[in-house]
Amino acid sequence: MKKINVEQLALLGGKKIFEQAKSTSNLLKPNFEQFLAYSKIFYEQMWYSNNGPNVQLLEKRLAIFHNTKHCVTFSTGFWGLALATKVLALEGRTEIIMPSLTYRRMADMAAWTQLSPKFCEVDESTLAMTPETVAKCINKNTALILGVHPIVNCCDVEGLTELAKKHQIPILFDSVESVYESIESGKIGGFGNAECFSLHACKLINGFGGGYLTTNDDKLAAKLSSMRTFGFTNVDHVEYFDGLNAKLNEMHACMALASLDDIEQQVKLNQARYKCYLRCLDEVDGIELIRFDESKACGYKNIVARITKDWPFSIEDTISLLNSENILARQYYSPPLHLKEMQFDFVKTDLPLSKKLSNNHLNLPCGQKVDEKDIVQICNFLKFISSNSTEISNELTRNGGL
Ligand SMILES: *Cc1c(COP(=O)(O)O)cnc(C)c1O
């Protein structure tokens with residue numbers, strides 16, 4: 001439906017543009033028969049968990065996909081990150097370097113490992129941490145660098161790896177957002193000491209939930225696959241007392257395998273959605289799409305846009321206007337982690353750029369439940385509120401604000 005006058009805004013009591021909410025989650029729906037075919041294997045063998053046939057196959061397939069020697073699966077991406085951090089962190093040191101403008105639960109992950117997050121700044125145009133911003137955070141307490149990719153494109157993997165090497169500090173990558181991406185020196189997955197990924201339903205590879213790590217380090221892979229299984233190395237022999245139960249089960253592995261079978265097709269669909277946004281947002285003054293670097297492989301999973309000085313609303317009002325129409329846009333990684341209330345110790349830093357960037361970037365609806373018609377409607381709505389901004393602002397003030 002197209003809005004013609006301001007009274008039709010859902011925020012002012014009008015009908016919502018979308019009856020069903022349009023979110024920023026990917027929500028891949030792989031071929032059901034394929035999912036059942038994988039499931040039949042574990043079901044008939046009654047091997048439901050504990051390194052079953054589909055978990056083994058998934059680890060093999062993902063190692064091939066990322067071009068690495070090993071893949072170790074976990075019950076969530078969170079536990080993969082936490083366990084790898086614990087194993088890799090330099091002993092006797094207390095700080096983990098990570099960006100502030102990143103995944104909302106990243107500091108909690110560090111808390112589980114009893115490391116204190118040291119937040120670094122990002123680059124204004126790429127939204128990524130850089131060797132320069134990380135170098136400023138390195139000191140004698142640095143136990144580990146967590147290299148996190150931004151939502152669109154990759155961080156400077158080579159530069160960060162080189163910096164880590166120079167200071168003899170281990171580097172772990174959180175590559176959840178770059179699972180399909182490549183850089184000049186190869187496919188994401190084989191860099192640093194290890195790389196971590198998620199199989200949560202909202203990510204590019206949907207395993208209902210789950211996570212995995214890729215590495216070329218034999219010892220690290222063996223230790224982590226033991227630690228996710230209580231620390232067992234042999235029947236009833238616990239080698240690592242900080243192990244826990246973070247195994248992936250068979251059903252999740254089947255879903256992830258079916259998703260992996262479908263990935264090329266999904267990326268094509270994501271690319272078409274991205275191109276549609278690119279065309280439609282071109283006509284909206286004050287909102288710019290963050291572009292994918294199409295000279296390399298990209299997954300086109302998420303749509304991130306920047307609000308410029310020509311846009312007539314604050315980010316909060318923009319999000320309220322969109323959300324009331326069931327367009328579930330979100331502020332980009334907001335609040336940045338260094339401004340969040342935490343229950344634990346962290347090194348306080350002032351990061352003005354991260355604060356500014358979370359205030360002028362937003363994620364727009366994407367994924368399998370958003371089609372090109374929806375995107376046209378979303379962009380038309382943005383155009384509509386922009387060209388009626390004075391009247392909308394007055395109307396909203398009269399109604400007591402948003
Ligand atoms: C989703 C996500 C995670 C955590 O993954 P889970 O599997 O949900 O625990 C970690 N890092 C980033 C960047 C993410 O987006």
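FYI, it's all coordinate maths here, none of it is from the lab. These numbers were taken from a predicted model, which means no experiment stands behind them. Here the Cβ is made from the backbone with ideal geometry for all residues, glycine too, and neighbour counts use every protein chain on show.
The orientation-averaged projected area of the convex hull spanned by the Cα atoms of the range 103-221 comes to 7.8 nm². The trypsin sites (Lys or Arg not before Pro) of the range 304-355 that DSSP puts in a loop, and whose beta carbon has at most 11 other beta carbons within 10 Å, are Lys309, Lys348. Here Lys3 is the anchor, and the lysines within straight C-alpha reach of less than 18 Å, apart from those fewer than 8 places off in the same chain, are Lys15, Lys16, Lys22, Lys373, Lys383. Here the ratio of the Cα radius of gyration of the range 319-402 to 2.2 N^0.38 Å is 1.41. Relative contact order for the chain: 24 percent, from Cα pairs under 8 Å spaced at least 6 residues apart, divided by residue count.
Taking chymotrypsin sites (Phe, Trp or Tyr not before Pro) across the range 281-350, the ones in a DSSP loop with at most 15 further Cβ atoms lying within 10 angstrom of their Cβ are Phe344. When DSSP beta bridges are limited to those with both residues in the chain, what percentage is antiparallel, rounded to the nearest 5? The antiparallel proportion sits near 60 percent. Note: relative contact order over the range 278-335, using C-alpha pairs below 8 Å and six or more positions apart, is 27 percent. Working from Cα pairs under 8 Å separated by at least six residues, relative contact order for the range 1-112 is 11 percent. Pairs exceeding a 28 Å alpha-carbon distance, out of Lys140/Lys223; Lys187/Lys348; Lys40/Lys223: Lys187/Lys348; Lys40/Lys223. One way to sum up the overall shape of the chain is the equivalent ellipsoid from its Cα gyration tensor, whose semi-axes run 38, 27, 18 Å, largest first. Counted by Cβ distance under 15 Å from Pro352, the other residues give a net charge of 0, where Lys and Arg count +1 and Asp and Glu count -1.
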